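The values are calculated or read from the model by the stated rules, or taken from the named source; none is laboratory data. The shown structure was predicted, so the numbers you read here are calculated from the model rather than taken from an experiment. Glycine also receives a Cβ, built like all others from the backbone with ideal geometry; neighbour counts cover every protein chain displayed.
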Amino acid sequence: MKNIKNEEEALLQREYIAKMKAVTEKKEKELGRKMRYHIETLGCQMNAKDSEKLAGILRDIGYEECEDESLADFVLYNTCTVRENANLKVYGRLGHLNSVKKRTNPNMKIAICGCMMQEPDEVATVRTKYSFINIVFGTHNIFKLAELMYRLETEDRMIVDVWEGTEEIVEDLPAERKYKFKSGVNIMYGCNNFCSYCIVPYVRGRERSRDPEDILSEIRELAKEGVKEVMLLGQNVNSYGKTLPEPMSFAALLREVEKIDGIERIRFMTSHPKDLSDELIETMKDSEKICRHFHLPLQSGSDRILTLMNRHYDRAKYLEIVRKLREAVPDISLTTDIIVGFPGETEEDFTDTLDLVREVRFDSAFTFIYSKRTGTPAAKMDDQVPEDVVKDRFDRLLSEVQRIGQEMSGRDEGKVLPVLVEDVNRQDKHMLTGRLSNNTVVHFRGTEDLIGQIVDVRLSEAHGFYYIGELV
Ligand code: 5AD
Ligand code: SF4
């Protein structure tokens with residue numbers, strides 16, 4: 001079931017890539033060197049994946065990557081807006097970049113895209129206060145980068161192209177993968193959950209699942225190119241497929257991915273407890289490839305706050321899922337996200353969160369201070385919690401999470417387990433760094449040629465959140 005319109009769009013974009021390539025070649029001749037790009041990616045795995053697609057387009061138009069943004073001809077900020085301090089950081093860095101451009105690199109072109117640009121107020125700020133920026137686009141039209149760059153060549157003014165939403169999923173465009181042996185794969189876009197604190201549904205739009213055949217053929221292609229681990233990406237993967245013309249469950253999709261030769265590890269991100277099915281737990285139990293790690297955002301341990309957050313589960317349901325997961329997959333590692341200081345959170349609500357954290361015993365948790373996002377229902381709620389109270393709760397939660405994480409870590413000491421080798425160790429080039437199925441990092445002595453392979457390693461010493469091991 002292919003959408004003709006999307007194929008036409010992909011074709012059109014390939015034409016723009018060819019046109020921009022000609023422009024790039026001309027500039028290359030003038031400069032006597034390759035044109036360089038630098039992409040700064042903020043935020044989640046979705047943004048990281050988008051940046052790989054943007055890098056693929058830049059590669060195809062003839063640019064090469066440059067680590068130092070001050071030396072790049074084209075600098076792109078792919079932004080996140082989940083919490084406000086991320087936005088402030090971006091503006092700070094853009095201001096600095098402008099002074100670099102003025103001083104040493106006057107031909108530098110600067111572009112900004114991603115979730116922040118889906119907010120009209122932020123685009124207005126860019127227009128008025130950051131008018132040195134050349135291109136502004138959003139999350140729905142990243143596939144148009146070559147077209148926007150081409151327009152900049154011909155129109156010579158700030159190009160702003162932000163779409164409010166989209167039904168379209170444009171397939172078959174280039175991507176530049178960061179790693180040869182592992183890759184993220186989008187299975188769905190957007191989110192329909194409207195958790196009351198969260199801006200994502202407003203900036204990433206309505207939930208749209210990709211056609212399963214498109215996903216599977218992309219993964220088969222990746223496997224042919226040597227990819228061993230895929231990370232299936234969506235804001236709420238557990239509701240994958242519900243809106244497809246022929247509905248398909250996430251568990252059923254996982255079983256199809258499992259059949260693909262060459263793929264040895266399957267991860268996914270992110271899950272929502274409300275849609276987590278018994279079928280998924282059974283599928284994980286029976287699978288040889290799905291990794292022994294579950295990231296299951298809790299957000300709060302208080303039933304009252306969970307209702308105000310519009311999360312559609314309570315602590316009893318969350319605990320029940322944890323029980324079933326651990327029963328089916330005893331060696332599973334559980335991680336979570338927790339927000340502290342949601343409007344109206346009392347000391348009692350917070351104690352409920354602490355108690356739940358103690359009961360579940362997460363391997364690790366990302367803890368966030370609630371950030372008020374304009375346009376979300378929570379921003380209008382009375383009773384925003386004073387900053388000093390939130391800070392105190394945050395510190396208490398963090399120390400509890402860390403204490404438990406320390407106790408949970410090291411439970412595989414002495415075992416021999418498979419490790420996917422990812423890199424040469426940054427501190428010691430005779431050492432390699434890789435990950436266990438449950439996502440724990442392992443450092444061990446070995447040579448670079450092992451990168452991308454899955455090897456057996458004895459986990460000799462547990463060091464808090466990582467192991468030192470030996471190749472067996
Ligand atoms: N304030 C703080 N944390 C937030 N998150 C999402 N929105 C907010 C917000 N307004 C957190 C949630 C989510 C993670 C990706 O970011 O915990 O799971
Ligand atoms: Fe935000 Fe909730 Fe959607 Fe996650 S599920 S992206 S927290 S609205």
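Among residues of the stretch 367-377 being under 16 Å from residue 400 (Cα atoms) and more than 12 Å from ligand 2 (Cβ to nearest atom), the one that is surrounded by the most Cβ atoms within 10 Å (Cβ to Cβ) is 367. Can you confirm whether residue 188 is under 18 Å from residue 289 (Cα atoms) and modelled with pLDDT of 95 or more? The answer is no for residue 188. The single residue among 148, 152 that is at pLDDT 95 or above, surrounded by fewer than 20 Cβ atoms within 10 Å (Cβ to Cβ) and away from ligand 2 (no atom under 16 Å from the Cβ) turns out to be 152. Within the set 171, 176, 147, the sole residue that is touching a residue at least 40 places away in the same chain (Cβ under 8 Å), closer than 16 Å to residue 17 by Cβ and part of a helix (DSSP H, G or I) turns out to be 147. Whether a residue is within 16 Å of ligand 1 (Cβ to nearest atom), at pLDDT below 95 and of a type outside the set (S, T, N, Q) was assessed, and residue 204 passes this test.
For the structure I just gave you, tell me whether residue 371 is modelled with pLDDT of 95 or more, among the polar types (S, T, N, Q) and more than 18 Å from residue 292 (Cβ to Cβ). It is true that residue 371 is modelled with pLDDT of 95 or more, among the polar types (S, T, N, Q) and more than 18 Å from residue 292 (Cβ to Cβ). Counting the residues of the stretch 207-218 that are touching a helix residue (DSSP H, G or I) at 6+ places or on another chain (Cβ under 8 Å) and not in a helix (DSSP H, G or I) gives 1.
Residues checked against (1) modelled with pLDDT under 95; (2) under 21 Å from residue 392 (Cα atoms); (3) in a helix (DSSP H, G or I):
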{"position": "305", "(1), (2), (3)": "no, yes, yes"}
{"position": "317", "(1), (2), (3)": "no, no, yes"}
{"position": "323", "(1), (2), (3)": "no, no, yes"}
{"position": "331", "(1), (2), (3)": "yes, no, no"}
{"position": "334", "(1), (2), (3)": "no, no, no"}
{"position": "339", "(1), (2), (3)": "no, yes, no"}
{"position": "344", "(1), (2), (3)": "no, yes, no"}
{"position": "349", "(1), (2), (3)": "no, yes, yes"}
{"position": "357", "(1), (2), (3)": "no, yes, yes"}
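Checked against the criteria, residue 116 counts as within 16 Å of ligand 2 (Cβ to nearest atom), surrounded by 15 or more Cβ atoms within 10 Å (Cβ to Cβ) and farther than 17 Å from residue 233 by Cβ. Residue count for the stretch 267-297 under the criterion of being assigned to a loop (DSSP other than H, G, I, E, B) and within 11 Å of ligand 2 (Cβ to nearest atom): the result is 4. Applying the condition of being among the hydrophobic types (A, V, I, L, M, F, W, C) and farther than 16 Å from residue 367 by Cα to the stretch 286-304 and asking which residue is farthest from ligand 1 (Cβ to nearest atom) yields 290. Among all positions in the stretch 125-144, there is at least one residue which is part of a loop (DSSP other than H, G, I, E, B), among the small types (Gly, Ala, Ser) and more than 16 Å from ligand 2 (Cβ to nearest atom). Considering the stretch 378-395, the residues that are buried (at least 16 other Cβ atoms within 10 Å of the Cβ) and in a helix (DSSP H, G or I) include one that is nearest to ligand 2 (Cβ to nearest atom), namely 378. All conditions but one from (1) modelled with pLDDT of 95 or more; (2) crowded, with 22+ Cβ neighbours inside 10 Å; (3) out of contact with any Leu (no Cβ under 6 Å at 6 or more places or on another chain) apply to residue 140; the one that does not is (1). Within the stretch 179-206, the only residue that satisfies the criterion of being part of a loop (DSSP other than H, G, I, E, B), in contact (Cβ under 8 Å) with a residue 60 or more places away in the chain and charged (D, E, K, R) is 180. Of the residues making up the stretch 323-367, those that are of a type in the set (Val, Ile, Thr) and in contact with a Phe, Trp or Tyr (Cβ under 9 Å, 6 or more places away or on another chain) are 329, 332, 335, 336, 338, 339, 340, 360, 367. For the stretch 243-250, the criterion of being free of Cβ contacts under 8 Å to residues at least 60 places away in the same chain and farther than 25 Å from residue 282 by Cβ is met by no residue. Of all residues in the stretch 413-435, those satisfying the criterion of being touching a residue at least 40 places away in the same chain (Cβ under 8 Å) and buried (at least 17 other Cβ atoms within 10 Å of the Cβ) are 417, 419, 420, 422.
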